[in-house]
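Nothing in this text is a laboratory measurement; each read-out follows from the coordinates by a stated rule. Predicted, not measured: the structure shown is a model, and the values here were computed from it. Note: ideal-geometry Cβ built from the backbone for every residue, glycine included; neighbour counts use all protein chains shown.
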Amino acid sequence: MSAAMAAHLSVVTAQSPSLSAARQSVIHLYRDFQRGVPEIMRTHQVDMPMSMIRTKIREEFERHRDVKDLAVIDILLFKGRQEYQETMNAWKQETHIMRYFIKDDAPPKPQGFLEKFLAGRD
Amino acid sequence: MFRAIRPAALYRSAALYKTAPAVVARNAMALNFARTYASAGLARSDVEKRVLDILAGFNKVDANKIALKANFNADLGLDSLDTVEVVMAIEEEFSIEIPDKDADEIKSAEQAVEYISKREDAH
């Protein structure tokens, strides 16, 4: 393997010519992620139902549903591709996958003054 | 000795699949008669029924609106990401992989049926 050889699943970063083109690449990225779920679960030995992983992927895409700026979408696409490559190539490890689920397991944030004080937050 | 226990074991493994009874029966047959060749294509009515069943299994879809001609987006109210999930469920059901280019074009159950009937490796 030569050093110049592109890594597996790497994609050349590109500027999207239009919003509809960007939308199409987002859909492709989403499809790649969802299609990769069984393999992700295998390589990372994820001890969760498959539906949870699928929902989490969906959630991460939904977070940026309202982004309209093409430049921002391009960056998000790049990050998504990067995330996909790192996950599928197992450059990420189990802990990096589980980090997506931290918020789901965390106790609710303290609301009132006294609760915040007792939790050691101000 | 192994030959004697084989069919029973195969039935057991086939029963483990959590799929529709029709699929289980087909798998069991395929395993038992491993040397037979693939049957000649799928019946269109069968494909239609299976595709509509997939849609019915989607909890975002209103069961009364499901129809062959219904557009996923306009009629069934699914967004682009839901559509991706539906098409992927169809892929799993028929054990095929639809390339991005073709998957983007599938926007209704009818188009899905059309595409599957063109694919010879669908089963």
For this session: Would you mind pulling out the separation of the Cα centroids of the stretch A:66-118 and the stretch B:58-123, in Å?
Result: 30
For this session: Based on the mean of other Cβ atoms within 10 Å per residue, sort peptides B:72-81, A:100-109, A:68-77 so the most packed one is first.
Result: B:72-81, A:68-77, A:100-109
Seminar exercise, completed: Rounded to the nearest 10, the angle in degrees between the Cα long axis of helix A:50-62 and the longest principal axis of the Cα atoms of chain A comes to 80
For this session: At a Cα cut-off below 20 Å, give the lysines reachable from B:K107, other chains included and same-chain residues fewer than 8 away excluded.
Result: B:K49, B:K60, B:K65, B:K69, B:K118
Seminar exercise, completed: A correct Karplus calculation of ³J(HN,Hα) over the stretch B:78-85, with 6.51 cos²θ - 1.76 cosθ + 1.60, θ = phi - 60°, whole Hz and x for Gly and Pro, returns 8, 8, 4, 6, 4, 4, 4, 5
Exercise. From the phi of every residue in the stretch A:19-27, what ³J(HN,Hα) in whole Hz does the Karplus formula 6.51 cos²θ - 1.76 cosθ + 1.60 yield, where θ is phi - 60° and glycine or proline is x?
Worked result: 4, 5, 5, 4, 4, 4, 5, 5, 4
Seminar exercise, completed: Length gained, A:M98-A:A6, 0.36 nm per residue minus C-alpha separation, equals 30.3 nm
Seminar exercise, completed: Any residue on another chain or 5+ positions along whose placed amide H is under 5 Å from the amide H of B:S108 is listed here as B:F72
Problem set entry | Spacing of the two label points (7 Å from each Cα toward its C-beta) at A:K116 and A:E60, in nm | 3.2
Problem set entry | Hz values of 3J(HN,Hα) by residue in the stretch B:100-114 - Karplus curve (6.51, -1.76, 1.60), Gly and Pro given as x | 3, 4, 7, 5, 5, 7, 7, 10, 8, 4, 4, 5, 5, 4, 4
Exercise. Can you list the residues, at least 5 places off or on another chain, whose amide H is less than 5 Å from the amide H of B:L78, using H built in the peptide plane?
Worked result: B:N73
Problem set entry | Restricting the stretch B:41-123 to trypsin sites (Lys or Arg not before Pro) in coil, as DSSP defines it, with at most 12 other Cβ within 10 Å | B:K60, B:K69
Problem set entry | Formal net charge of residues neighbouring A:Q15 (Cβ-Cβ distance under 13 Å; K, R +1; D, E -1) | -2
For this session: Would you please name the trypsin sites (Lys or Arg not before Pro) within the stretch A:29-63 that are DSSP coil residues with at most 13 other C-beta atoms within 10 Å of their C-beta?
Result: A:R63
